[in-house]
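The values are calculated or read from the model by the stated rules, or taken from the named source; none is laboratory data. Predicted model only: the values in this text are computed from it and were never measured. Heads up, the Cβs are rebuilt from the backbone with ideal geometry, glycines too, and the neighbour counts pull from every protein chain shown. For the accessible areas, the whole protein counts, side chains as well, though only heavy atoms, and no ligand, DNA or RNA atoms are used. Shrake-Rupley method; radii C 1.70, N 1.55, O 1.52, S 1.80 Å.
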Amino acid sequence: MHIVVCVKQVPDSGQIRVHPVTNTIMRQGVPTIINPYDLFSLEEALRLRDKHGGEVTVVTMGPPMADQALRKCLTFGADRAVLLTDRFFAGSDTLATSYALGQLIEKVSATWGAPDIIFCGKQTIDGDTAQVGPGIAKRLNLLQLTYVQKIEDFDFDKKEITVHRRAEGGIQVLKTKLPCLVTMLEGTNEMRRGTMADALRAARAGIITWSAADAGITNLALCGLKGSPTIVKKVFAPPARAEKAFQIEVADKSYEDICDALLGEVYKRQPALEQDMVKMAPGY
Amino acid sequence: MVEKPKAPAAGNSRANTKKELPEHLKAYKHIWVMLELERGVVHPVSWELMGEGRKLADKLKVDLCGVVLGAPGTTDGAVADCFGYGGDVCYVVEHPSLSDYRNEPYTKVMTELVNKYQPETLLLGATNLGRDLAGSVATTLLTGLTADCTELDVDAEGSLAATRPTFGGSLLCTIFTLNYRPQMATMRPRVASVPLLTPGRTGRVIRHDVSLPEEDIITKILAFLPDGTTNKSNLAYADIVVSGGLGMQNADNYQLVRDLAGVLGAEWGGSRPLVQKGWIPTDRQIGQTGKTIRPRLYIAAGISGAIQHRVGVEGADLIVAINTDKNAPIFDFAHVGIVADATKVLPALTETFRKRLALAATRSAAE
Amino acid sequence: MAEEKFDVIVVGAGPSGNACAYTLATRGLKVLQLERGEYPGSKNVQGAILYSDALEKLIPDFREDAPLERHIIEQRIWMMDDRSYCGAHYRSEDFNEEKPNRYTIIRAPFDKWFSKKVVAAGALVICETTVTELVRDAHDAVIGVRTDRDDSIIYADVVVLAEGVSGLVGTRAGLRSIPKPDTVALAVKEMHFMPSETIAARFNLQDDEGVVIETAGTITKGMTGTGFIYTNKECLSIGIGCLISDFTETSQTPYGLLEAFKNHPAVKPLLAGSEVKEYAAHMIPEGGYKAIPQLFGNGWVIVGDAGQFVNAVHREGSNLAMTTGRIAAETIFDLKSHGQPMTAGNLSMYKARLDDSFVMKDLKKYKNLPRTLENKHLFTTYPRLLSNAAQTYFRVDGVDKKSKENAIVKSFFTTRRVKGLLGDVLGMARAWR
Ligand SMILES: Cc1cc2nc3c(=O)[nH]c(=O)nc-3n(C[C@H](O)[C@H](O)[C@H](O)COP(=O)(O)OP(=O)(O)OC[C@H]3O[C@@H](n4cnc5c(N)ncnc54)[C@H](O)[C@@H]3O)c2cc1C
Ligand SMILES: Cc1cc2nc3c(=O)[nH]c(=O)nc-3n(C[C@H](O)[C@H](O)[C@H](O)COP(=O)(O)OP(=O)(O)OC[C@H]3O[C@@H](n4cnc5c(N)ncnc54)[C@H](O)[C@@H]3O)c2cc1C
Ligand SMILES: Nc1ncnc2c1ncn2[C@@H]1O[C@H](COP(=O)(O)O)[C@@H](O)[C@H]1O
């Protein structure tokens, strides 16, 4: 079995600062991390591999320093890592990204065999679009299963997969054929630490680095800014919330009084809640 | 029956920042809203979008159109409401294979509709359904898609200006799709309000027939497990959420959070360290790497309000924070704060709510 | 897992570990370096001054690509009381030389850079891996390490403990005792960001020129310690540190000290308008010569802060770390290339070489200083006396100069008495000698 996992290196959003004057992101010195959502998918991929055999290839498109993220994936236990990096990809929106990654995965297939499953993260914490996964599926003519909470059944011989997919108001139990593209829901598993053997292997491994040409991408008009229909025209800081939280007086008051004051404040701000809460509350 | 993307919808020219719409796309007109009909109910975000779409349509002097997909005989209510919420036209596609959402048939039908009727703008909710579908449709049509918008507008030239948060909410950006059609966007639920319903308002219904042999659809729905029958958390969809952080001090005290949630019929959750300490299961984590919630009321006890937590809860209508540290960052985005020991406040709050709700219940029973 | 054996395992990727691993790897030994931080430098805090000499010996052309902030052209030493400072400044155009002698650096990028060199030299570097214990054979010789990644063992002929001041692995293995509270200082520091033009204007600098301010006095509230301000490209590092034993005695908090230091009327304007980005605390071994533990044994050596190699007087640490790391590596290489086993007897050559180097000579020179600095008058009485003296001297108020001088001299004698004064001066002189 061959599994491909798409991961992205993203700035750690907790440490991002916005330049007060130019309103641009100050990336300098902001540490990068693997998009946390991708780890749920990577872990699921590793579990499938451990159970059914085969290989996990992680791929990313990004700047040369994205090799750090890939090396970390190897430390977790992935078998192979490929970095697609080229200045032509700068400024890609989701459509251009899905094109580049689609082409990359085609090349990966040609080199190491067609994947039976491709995993993407639910979304990234910088782009936050959740569009690249479905985009890649379309580019590669694959079926997609997004927001998967659980892989219920995986029959490699029959090439069938059954999953629990998060939907409005409940869970869809879906069954489809391999190959397909899956995005895992957050919190569905926990990333393993990686053994010492994995760590040693990762430290020794080379990250396979491809340029656009190496990956066989010739139609550069579909890449980067050129291939991106969306245009970001304006970036600005959100208007700061004018005031801090309204503070309930606590000095010298009993907890009962404090809570009464709090309830008053809640119902004042959300008048509909008082009625609706009676309906929601389980019979008090 | 998945289709590969065909020729690009616009010329391969550089997506310039100037509007230079190719000739064949100039015919694209009107604003469409995908009405998410699932198991008989239309998701509220669709009506919120109708409200926003109406404003755009009025500015551009074009029609506002709803699009409903569903099993035969299930769409009538949605169609009526489409007009009631301000639609001029409603496109309806009924087919047994459309009874529940599945990516393959829905993508096929939506792209077919777009190619045939040529809307200038296609809006969907940023729900799981909307995002799953929009990504496939936009890639098939090779057009631009702006995700999870919080504001929609048109500029002087009539182009859609879609504003959305990026980088975990620390910035906003306004995005255009100038030279490709349709312009697509998904909008975050609950940022706009549902417009007033005008019962009896009518409009034009356009029914579209499709050929969708079920045997061509590879993905099958084996079952639907409604929330409530599973004991998994339903945090993302809950109206009220009570959560605790490290300020609860130990796993035993965390029970106070669940007690309050129990009285309120609310969901319970917590910050990431609680998951790491094993006080609560993984699917109860709220925040950037946990659940994003958008409840009407969020009560945070003993949570400092780190940015990773903040981005997951900011969408709540009302945030109440209980923290002993008056400088805790959570008070920067909470609406109501109490500087006090959460382990003392929570039991008192549970009692107060219990009494208040019991009283209200007897009163409403008496009426 | 298949058993892995290396020539050397280096625990820690700070300056000492990097210097050691780099030296060994460039000479072709099979080296594994383990670092518990997410990346080298992620756990490291430093003021920070880099002394070129120690690094030059390893990487002569380091100036080409190392992330250096500013080269230092001016040193200020301030004796502060609550409202004043009195000090000496030395600035020289000579420091604008082709190969400057001292630089300010920021540890995170610097350590990352250094580690890249180590990797390029051929060492295997694995981060996010904590060494939990040393593994010994039946004769108690160290033969490898255990880490927090599953319980497999990795073997090596010799383990280099470059684990920094806390030195848990060495301590746990009984190779050294826990450093005593009066031999370790706790330093806290912040990075204050501001445009480089602002820094240039406030410190009278051009281009990459930099200033170092070292301070002592009442800012440490009577405790043994010092404060510092270093100019980086786009930020100032400001910090203050005192002996842990003093903190426990006085119930002062490090952060409280730093706040007071930042609000000192002479310091506040330097920081005005800055954005604070990073707050960090770290320990510095200050026990000096007498606190140095046993440095080698069968299958192990200790380098850097873990061996208490810090010259507290001159605020040198990273250079001693790099030098000890290098000398340990050279010793190991020499033994290895002569086919000699890594026994305590053979590794004693490391200590002998250190004794011959500036490292031990300097530390020996100041071996009594730590005790002298425990004299609290240095941090309370003297700064005030000095400040009063200066003020009396400089204020023009109709009092004749002779009387002023007399008053100053008298103030010293009445406050500290002849015996105390003499004792302090002699103690200081002896410690310095
Ligand atoms: C990549 C990444 C992703 C992350 N994702 C998430 C995420 O999804 N969700 C998340 O929550 N965190 C996440 N974090 C962690 C986040 O940065 C914070 O560390 C975490 O949210 C802090 O949890 P806390 O508020 O419970 O604990 P603390 O920060 O320790 O805060 C405890 C608070 O309780 C208060 N307190 C103490 N005692 C009491 C008392 N008796 N009564 C009332 N108040 C009291 C204290 O004043 C303090 O403010 C992430 C971090 C990273 C690096
Ligand atoms: C505030 C401050 C200011 C300073 N200013 C200066 C200055 O201006 N100039 C100067 O020359 N010196 C200065 N020093 C001293 C200097 O920082 C140290 O002497 C130097 O860093 C010592 O290097 P080291 O490699 O021995 O230890 P460290 O730099 O502490 O590195 C030890 C490394 O080992 C890792 N480690 C520890 N235990 C384990 C384990 N069990 N498994 C795996 N990895 C482990 C740690 O994560 C760390 O990366 C300053 C120190 C401080 C605290
Ligand atoms: N540059 C990239 N390289 C590899 N994978 C990516 C990249 N961008 C997005 N992805 C994948 O697509 C998912 C969704 O991303 P997004 O649409 O940006 O929210 C991510 O979680 C990744 O799995």
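In region C:196-220, what residues are of a type in the set (D, E, K, R) and either out of contact with any strand residue (DSSP E or B) (no Cβ under 9 Å at 6 or more places or on another chain) or surrounded by fewer than 16 Cβ atoms within 10 Å (Cβ to Cβ) (or both)?
At the first step, the residues of region C:196-220 found to be of a type in the set (D, E, K, R) are C:197, C:202, C:207-209, C:214.
Result: C:E197, C:D207.
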Can you work out which of the residues in region A:264-284 that are more than 7 Å from chain B (Cβ to nearest Cβ), out of contact with any Leu (no Cβ under 7 Å at 6 or more places or on another chain) and within 14 Å of B:H335 (Cα to Cα) is most open to solvent (accessible area, probe 1.4 Å)? A:K268
Log entry, pairs with first residue in region A:175-199 being away from chain C (no Cβ under 14 Å) and farther than 20 Å from A:A78 by Cβ, second being of a type in the set (D, E) and crowded, with 17+ Cβ neighbours inside 10 Å, beta carbons closer than 6 Å, six or more apart or on different chains, reads A:G187/B:D283
Looking only at region C:17-50, count how many residues are more than 6 Å from ligand 2 (Cβ to nearest atom), touching a helix residue (DSSP H, G or I) at 6+ places or on another chain (Cβ under 8 Å), at pLDDT 90 or above and not hydrophobic (A, V, I, L, M, F, W, C). 6
Does B:L260 qualify as being assigned by TED's automatic domain parsing to the domain that holds B:A360, farther than 22 Å from B:A328 by Cβ and in contact (Cβ under 8 Å) with a residue 60 or more places away in the chain? no
Of the numbered conditions (1) modelled with pLDDT of 95 or more; (2) in contact with an Asp or Glu (Cβ under 9 Å, 6 or more places away or on another chain), B:R39 satisfies every one except a single condition; which is it? (1)
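Any idea which residue in region B:139-158 is surrounded by the most Cβ atoms within 10 Å (Cβ to Cβ), counting only those that are under 18 Å from the mean Cα position of the chain (by Cα) and within 13 Å of another protein chain (Cβ to nearest Cβ)?
Kept after step one, since they are under 18 Å from the mean Cα position of the chain (by Cα), are these residues of region B:139-158: B:145-152.
Filter again for within 13 Å of another protein chain (Cβ to nearest Cβ), leaving B:145-151.
On the way: B:L145: 31, B:T146: 29, B:A147: 28, B:D148: 23, B:C149: 26, B:T150: 18, B:E151: 15.
Once the filter is applied, the top-ranked residue is B:L145.
Taking the condition surrounded by 15 or more Cβ atoms within 10 Å (Cβ to Cβ), more than 7 Å from chain B (Cβ to nearest Cβ) and in a helix (DSSP H, G or I), does A:A261 pass? Lay out the reasoning, then the answer.
Values: surrounded by 15 or more Cβ atoms within 10 Å (Cβ to Cβ): yes; more than 7 Å from chain B (Cβ to nearest Cβ): yes; in a helix (DSSP H, G or I): yes.
Yes: the conditions hold for A:A261.
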All conditions in (1) touching a residue at least 24 places away in the same chain (Cβ under 8 Å); (2) buried (at least 21 other Cβ atoms within 10 Å of the Cβ) are true of C:R149 except (1)
Considering only residues that are in a helix (DSSP H, G or I) and within 19 Å of C:Y90 (Cα to Cα), which ones fall in region C:184-228? C:I199, C:A200, C:A201, C:R202, C:F203
When you look at B:V205, is it away from every other protein chain (no Cβ under 13 Å), part of a loop (DSSP other than H, G, I, E, B) and touching a residue at least 24 places away in the same chain (Cβ under 8 Å), yes or no? no
Need at least 2 residues that are within 22 Å of A:E186 (Cα to Cα), open to solvent by 10 Å² or more (accessible area, probe 1.4 Å) and in contact with a Leu (Cβ under 9 Å, 6 or more places away or on another chain) per element, so show me which strands (runs of 3 or more DSSP E) inside region B:240-311 make the cut, counting only ones lying wholly within it. B:267-270
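Kindly evaluate C:D182 against the criterion of being more than 16 Å from ligand 1 (Cβ to nearest atom), within 25 Å of the chain's Cα centre (by Cα) and farther than 30 Å from A:G206 by Cα.
On the way: more than 16 Å from ligand 1 (Cβ to nearest atom): yes; within 25 Å of the chain's Cα centre (by Cα): yes; farther than 30 Å from A:G206 by Cα: yes.
Yes.
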Restricting region A:61-74 to residues that are out of contact with any Ser or Thr (no Cβ under 9 Å at 6 or more places or on another chain) and of a type outside the set (A, V, I, L, M), the one least open to solvent (accessible area, probe 1.4 Å) turns out to be A:K72
Only residues that are closer than 14 Å to B:P213 by Cα and within 14 Å of chain A (Cβ to nearest Cβ): list them for region B:103-122, please. B:E104, B:P105, B:Y106, B:K108
Restricting attention to region C:233-251, which residues are without any contact (Cβ under 8 Å) to a residue 60 or more places away in the chain, more than 18 Å from C:L378 (Cα to Cα) and either among the acidic types (D, E) or surrounded by fewer than 19 Cβ atoms within 10 Å (Cβ to Cβ) (or both)? C:E234, C:S251
Taking the criterion of being within 30 Å of A:A69 (Cβ to Cβ), in contact with a Ser or Thr (Cβ under 7 Å, 6 or more places away or on another chain), touching a residue at least 40 places away in the same chain (Cβ under 8 Å) and more than 7 Å from every other protein chain (Cβ to nearest Cβ), would at least one residue in region A:231-243 satisfy it? no
Selected residue (only one of C:E97, C:E133, C:E74, C:E163 is outside any strand (DSSP E or B) and surrounded by fewer than 20 Cβ atoms within 10 Å (Cβ to Cβ)): C:E97
Tell me yes or no: at least one residue of region A:215-234 is assigned by TED's automatic domain parsing to the domain that holds A:K159, modelled with pLDDT of 95 or more and open to solvent by 50 Å² or more (accessible area, probe 1.4 Å). no
Within region B:295-311, can you find the residues that are under 16 Å from B:W268 (Cβ atoms) and either without any contact (Cβ under 8 Å) to a residue 40 or more places away in the chain or not aromatic (F, W, Y) (or both)? B:P295, B:R296, B:L297, B:I299, B:A300, B:A301, B:G302, B:I303, B:H309
Wholly within region A:98-214, strands (runs of 3 or more DSSP E) carrying at least 1 residues that are acidic (D, E), touching a His at 6+ places or on another chain (Cβ under 7 Å) and open to solvent by 20 Å² or more (accessible area, probe 1.4 Å): A:143-155
Within region C:384-408, residues touching a residue at least 24 places away in the same chain (Cβ under 8 Å) and open to solvent by 90 Å² or more (accessible area, probe 1.4 Å) come out as C:R384, C:Q391
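Does at least one position in region A:38-55 carry a residue that is part of a strand (DSSP E or B), within 14 Å of chain B (Cβ to nearest Cβ), within 16 Å of ligand 1 (Cβ to nearest atom) and open to solvent by 20 Å² or more (accessible area, probe 1.4 Å)?
Taking region A:38-55 as the starting set, the residues that turn out to be part of a strand (DSSP E or B) are A:55.
Adding the requirement that they be within 14 Å of chain B (Cβ to nearest Cβ) leaves none.
No, region A:38-55 contains no residue that is part of a strand (DSSP E or B), within 14 Å of chain B (Cβ to nearest Cβ), within 16 Å of ligand 1 (Cβ to nearest atom) and open to solvent by 20 Å² or more (accessible area, probe 1.4 Å).
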Those residues that are over 30 Å from the mean Cα position of the chain (by Cα), within 11 Å of ligand 1 (Cβ to nearest atom) and open to solvent by less than 10 Å² (accessible area, probe 1.4 Å), I need them from region B:316-349; list them, please. B:I338, B:A342, B:V345, B:L346
Qualifying residues in region B:177-188 (those that are farther than 14 Å from A:L95 by Cα and of a type in the set (A, V, I, L, M, F, W, C)) - the one surrounded by the most Cβ atoms within 10 Å (Cβ to Cβ): B:M187
